[in-house]
Amino acid sequence: MASVPLPEQNFILGDDPLSLDRIRAILTRLEDTIIFSLIERAQFAHNPKAYRRGEFQELKDIGFNGSWLEWFLKETESFHAKARRYTSPDEYPFTDISELPSPILKPFPHPPILHPNKINVNASILSFYIQAIVPRITRPATLALAAMKRAKGITGDDEYEDDGNYGSAAFVDLEVLQAISKRVHYGKFVSESKFRDNPAAFIPHIQSRNRAALEGLITKPEVEKKLLQRLRKKASLYAIHFTPEGEPLNDSATRKIDVDGVVELYEHYIIPLTKEVEVDYLLVRLDGLSKEEIDKLASQEPRK
Ligand SMILES: C=C(O[C@@H]1C=C(C(=O)O)C=C[C@H]1O)C(=O)O
């Protein structure tokens, strides 16, 4: 009987915050969050207008020059920042932290787990989400809606791609983006766990800035292969519609989400970016340490 991963817990709970098995269980659980939030986003049209800067006069009127989604991010993250969300090492804002208010609560007394770093790859996440993911998983707005808009003289290149649900779609965009961001930045915990297991394996390549060697050390092809297989099965199952009587509709044309799109999201974007975070984190892992501290780490026996 395969062991069932530990109940998903964030890094604070649990006895060993850097157990690789527990970290992987959290990554596995985030697969569900990402798939279901993509299913929710797929219910709305592409709405490309929401991702282009300068499209909303109403935003310009309030002095905001970014896109609708960037405004949604800044407004939402400003509130979350006051609730100290971004003092947690597993939470990273898309808005420049210097533009967000200070927390009204004292920082949560997190255990010092990660080495100090300023790694934030949310700009890359936002870019691939807008350019590749949203167009892939959304369907044109209904032809009837397009006809209604034509009748009202609403035209433009978004005629079939815009259902006007800018607020609802952006709310779900944030859920997808925050889940992908958490998943990708968990690469820091993965790297810290692997580093502590065998510092001597990493230290020479960190010191010689050898990204390729570091990426070779953190890459686990068998883990990635199993993940993509599991992801395809999950997305195929979660995408099934049911009849009013609760019978599954096994018609691929009525799937709630493009399953290939979900797998490609992980294979071409999420996994590579997670590994980039892992390597970026390793490259700063020795920053601020004395020669004696580094030598002590290098002399440590491998833990596994
Ligand atoms: C996250 C890990 O590190 C790497 C990245 C993976 C991913 O992004 O899914 C999977 C395996 C490794 O290649 C891990 O070892 O679990």
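Scanning segment 32-74 for residues that are closer than 30 Å to GLY187 by Cβ, in contact with a Lys or Arg (Cβ under 6 Å, 6 or more places away or on another chain) and not hydrophobic (A, V, I, L, M, F, W, C) gives GLY66, SER67. Does HIS241 count as open to solvent by 70 Å² or more (accessible area, probe 1.4 Å) and under 18 Å from the mean Cα position of the chain (by Cα)? So HIS241 fails the test.
Residues in segment 279-304 that are within 29 Å of LEU228 (Cα to Cα) and part of a helix (DSSP H, G or I) were compared, and the one that is farthest from the ligand (Cβ to nearest atom) is LEU283. Listed by position, the helices (runs of 4 or more DSSP H) inside segment 30-144 whose residues that are open to solvent by 20 Å² or more (accessible area, probe 1.4 Å) and touching a residue at least 24 places away in the same chain (Cβ under 8 Å) number at least 1 are 68-82, 122-128, 134-137.
The residue of segment 171-201 that is surrounded by the most Cβ atoms within 10 Å (Cβ to Cβ), among those that are within 14 Å of the ligand (Cβ to nearest atom) and among the acidic types (Asp, Glu), is GLU192. If you go through segment 73-80 one residue at a time, do you hit one that is at pLDDT below 95, over 25 Å from VAL262 (Cα atoms) and basic (Lys, Arg)? No, there is no match, as no residue in segment 73-80 is at pLDDT below 95, over 25 Å from VAL262 (Cα atoms) and basic (Lys, Arg).
Taking residues in segment 154-173 that are closer than 26 Å to ILE34 by Cβ, and partners anywhere that are open to solvent by 60 Å² or more (accessible area, probe 1.4 Å) and modelled with pLDDT of 95 or more, the pairs with Cβ atoms closer than 7 Å and at least 6 places apart or on different chains are VAL172/GLU40. Only residues that are more than 16 Å from the ligand (Cβ to nearest atom), in contact (Cβ under 8 Å) with a residue 60 or more places away in the chain, of a type outside the set (Val, Ile, Thr) and within 23 Å of ASP32 (Cα to Cα): list them for segment 202-259, please. Residues satisfying the conditions are TYR238, ALA239, LYS256, ASP258.
The values are calculated or read from the model by the stated rules, or taken from the named source; none is laboratory data. It should be emphasised that the depicted structure is a prediction, and the values quoted were computed from it without experimental measurement. Cβ coordinates were reconstructed from backbone atoms using ideal geometry, including for glycine residues, and neighbour counts include every protein chain displayed. For accessibility, only protein heavy atoms count, side chains too; no ligands or nucleic acids. Shrake-Rupley method; radii C 1.70, N 1.55, O 1.52, S 1.80 Å.
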